[in-house]
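Quick note: the coordinates plus some simple rules give every number you see, no bench work behind them. Because the structure is predicted, anything quoted here is derived from the model rather than measured. Every residue, glycine as well, gets a Cβ built from its backbone with ideal geometry; the counts of neighbours run over all protein chains shown.
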Amino acid sequence: NEQLAKSQSSWLKAGNGLESAGKSLKTVGKAATDLGGKLTLGVTAPLVAGTAAAIKMGADFEHQMADIRKELVASGESTSEVDSTMKEMSADSLKWSGDFGQSTDDINAGLLTLKKDGYSGKEAIDDMNIALYTARGANENLFDVINTLGGSLEAYGMKTNNAAENTKNMSHIADSFAYVANHTKASVTSLGEGFSIAGQTLSAMHQPIEVTAAAIGELASSNIDASTAAD
């Protein structure tokens, strides 16, 4: 009887120990489950969302490049020229986005606009580079700057059939506008507005770009808007 009592006591202690261990394991298991849920929500979910966003951005980029390719093909550029231009354009768009803090959406939209305005693929790349520096220097919207520079080039009769000459003239206008915008109350966009009104007349009079831009800028500093100044 004494030995049996001792055995029962040992079994009871062992049973209590197992019960305690079971409770501990259950607690640990629940903690692990809770942690897993938090990891799923806090880590896995953002990773999935980020991956989905990256896939969409990539798809959008490819779609935009495809639109530009269509314009290049429609303009009669050869397959080899188109392939070479698109390769350069894609690489430049991604690089510019990092260098200038502009989205590839805006850059690609600008490249498409330049192509639709009649510029070759190579010209569009060169002109976009000019527009990016101008937009950053003047702290203005990239798309507005692209339209301003292109419109002013045509208004002043400086768009030619020579790609190198067009790029040189675009750079000339951009430099003139940026200088005046940084020294008067005029903006690059407002200067373009003035040029769209008075550009053809002043070009026919052989008025230098710098003089016209400076005059509009000085009037802007006197609180005369570009449209009135151009008139």
(request) Give, in nm to one decimal, the length gained when the segment between D60 and E154 is fully stretched (0.36 nm per residue of separation minus the Cα-Cα distance). (result) 30.7 nm
(message) Working only with C-alpha atoms, what are the Rg and Dmax values of the range 80-231, expressed in angstrom?
(response) 15.5, 53
(message) List the residues, sorted by chain then number, that are 5 or more residues from K185 or on another chain and whose placed amide H is less than 5 Å from its amide H.
(response) S221
(request) Averaging sequence separations of C-alpha pairs under 8 Å and six or more residues apart, then dividing by the length of the range 157-231, give the relative contact order as a whole percent. (result) 34 percent
(message) Around N129, under 12 Å between beta carbons, what's the net of Lys plus Arg minus Asp minus Glu among the other residues?
(response) -3
(message) So, R0 is 35 Å and r is the distance between the beta-carbons of D83 and N139; what FRET efficiency does that work out to, to 0.05?
(response) 0.45
(request) Take every Cα pair under 8 Å in the range 88-178 that's 6+ residues apart, average their separations, divide by the length, and report that relative contact order as a whole percent. (result) 26 percent
(message) Taking the Cα centre as origin and putting +1 on Lys and Arg beta-carbons and -1 on Asp and Glu beta-carbons, what dipole magnitude results for the range 106-180, to the nearest 20 debye?
(response) 120 debye
(request) Apply the Karplus parameterisation 6.51 cos²θ - 1.76 cosθ + 1.60, with θ equal to phi minus 60°, to every residue of the range 186-193 and state each ³J(HN,Hα) to the nearest whole Hz, in sequence, with x for glycine and proline. (result) 6, 10, 4, 5, 5, 5, x, 4
